[in-house]
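This report refers to the structure that appears directly beneath it.
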């Protein structure tokens, strides 16, 4: 019923990264498609980003926070381990009757959260839900690691779901994971396995770690498989897709998926050049931008797909 997004005001360009790490604007653009990203300032927490995006989505939907009975947040960068970002957003919005919790599924977090909310609505348990993807990746980015620091940005996106009869809405969601690849993308420090110590901080264990080359190969196949599974499940041909809104991780991955699915450029939404990889926030930010710029029309068939830490991946089909 409504979409919303929010990104921090501070812009971090490729040229600025050239001054702090061994990289270049040309290298970053050629490898990733990213030209700039948004970065939070001190004191700007994930819950604040999420609340701003939520308010924009609620305004579009014409729904007050008091009407919500469910809030599900996808994030791997919560304000703190507990309480959840969901509960913080519930408080900030004044959504007093809403159940609220977080889902941790890496960059697939929004699709996981969307699937959970959709299932709970279809079970007749809830009627009006707020689903958010929010990330503050700059807070766990190692700006001495040129392989990861050029990729990541901050932001939040949100959607409002309402139970309604008819053809519009979420047609299906498809979730997958393979924990045996967990060591390809992870944050080792800060949990119960590696609690914070002087040694863990000195060894830079509280920053995100990624094996980009291995991730790339697995991501392309998994993202393609998720879309093909979704099409087959719904007996839909790839030519019937009106718009693919993929996770904005890497332009080369997006282009590879589009080519394998025979999708022309105009049927794939891309904004990675402006925001970089915002993890679970990337699809709802892109969805909101596509919605507000007229790229989506009523009746359009949309597909979302994402891949992230876990490893997790998945897709969703929506009739607008």
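The values are calculated or read from the model by the stated rules, or taken from the named source; none is laboratory data. In this text the structure is predicted, and so the values were computed from the model without any measurement. FYI the Cβ positions are ideal-geometry reconstructions off the backbone, even for glycines, and counts take in every protein chain you see.
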- Note on the structure: Residue hits (segment 192-208; under 25 Å from the mean Cα position of the chain (by Cα) and without any contact (Cβ under 8 Å) to a residue 60 or more places away in the chain) are 205
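Give the residues of segment 147-172 that are closer than 30 Å to residue 14 by Cα and buried (at least 17 other Cβ atoms within 10 Å of the Cβ), sorted by residue number. Talk me through it step by step, then tell me what you get.
Start the filter on segment 147-172 by keeping residues that are closer than 30 Å to residue 14 by Cα, which leaves 147-158.
148, 149, 150, 151, 152, 153, 154, 155, 156, 157, 158, listed by residue number.
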- Message: Any residue in segment 272-294 that is in a strand (DSSP E or B) sitting within a Cβ distance under 7 Å of a residue that is modelled with pLDDT of 95 or more? List the pairs, counting only those 6 or more apart or interchain.
- Response: 277/151; 277/152; 277/153; 277/248; 277/249
- Item | Residues of segment 187-213 classified as at pLDDT 95 or above, out of contact with any strand residue (DSSP E or B) (no Cβ under 9 Å at 6 or more places or on another chain) and not in a loop (DSSP other than H, G, I, E, B), total | 5
- Note on the structure: Note on residue 239: of the conditions (1) under 24 Å from residue 302 (Cα atoms); (2) within 21 Å of the chain's Cα centre (by Cα), unmet is (2)
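Please go through segment 296-314 and give me each residue that is surrounded by fewer than 18 Cβ atoms within 10 Å (Cβ to Cβ) and not in a strand (DSSP E or B), ordered by number. Even if it seems obvious, please write down each step before you answer.
Taking segment 296-314 first, the residues surrounded by fewer than 18 Cβ atoms within 10 Å (Cβ to Cβ) are 297-301.
Across segment 296-314, the qualifying residues are 297, 298, 299, 300.
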- Message: Can you confirm whether residue 87 is touching a strand residue (DSSP E or B) at 6+ places or on another chain (Cβ under 8 Å) and surrounded by 23 or more Cβ atoms within 10 Å (Cβ to Cβ)?
- Response: no
- Could you please tell me which pairs satisfy a Cβ distance under 8 Å, a separation of 6+ or placement on different chains, a first residue in segment 76-95 that is in the same structural domain as residue 55 (by TED's automatic domain parsing) and over 24 Å from residue 312 (Cα atoms), and a second residue that is part of a loop (DSSP other than H, G, I, E, B) and at pLDDT 95 or above? 88/79; 89/95; 90/96; 90/98; 93/68; 95/68
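Would you mind finding the one in 184, 175, 244 that is surrounded by 13 or more Cβ atoms within 10 Å (Cβ to Cβ), modelled with pLDDT of 95 or more, more than 30 Å from residue 295 (Cα to Cα) and touching a strand residue (DSSP E or B) at 6+ places or on another chain (Cβ under 9 Å)? Can you show your working first?
Values: 175 fails: more than 30 Å from residue 295 (Cα to Cα); 244 fails: more than 30 Å from residue 295 (Cα to Cα).
From the options 184, 175, 244, the qualifying one is 184.
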- Per the filter on segment 54-86, residues under 15 Å from residue 97 (Cβ atoms) and part of a helix (DSSP H, G or I) are 58, 65, 66, 67, 86
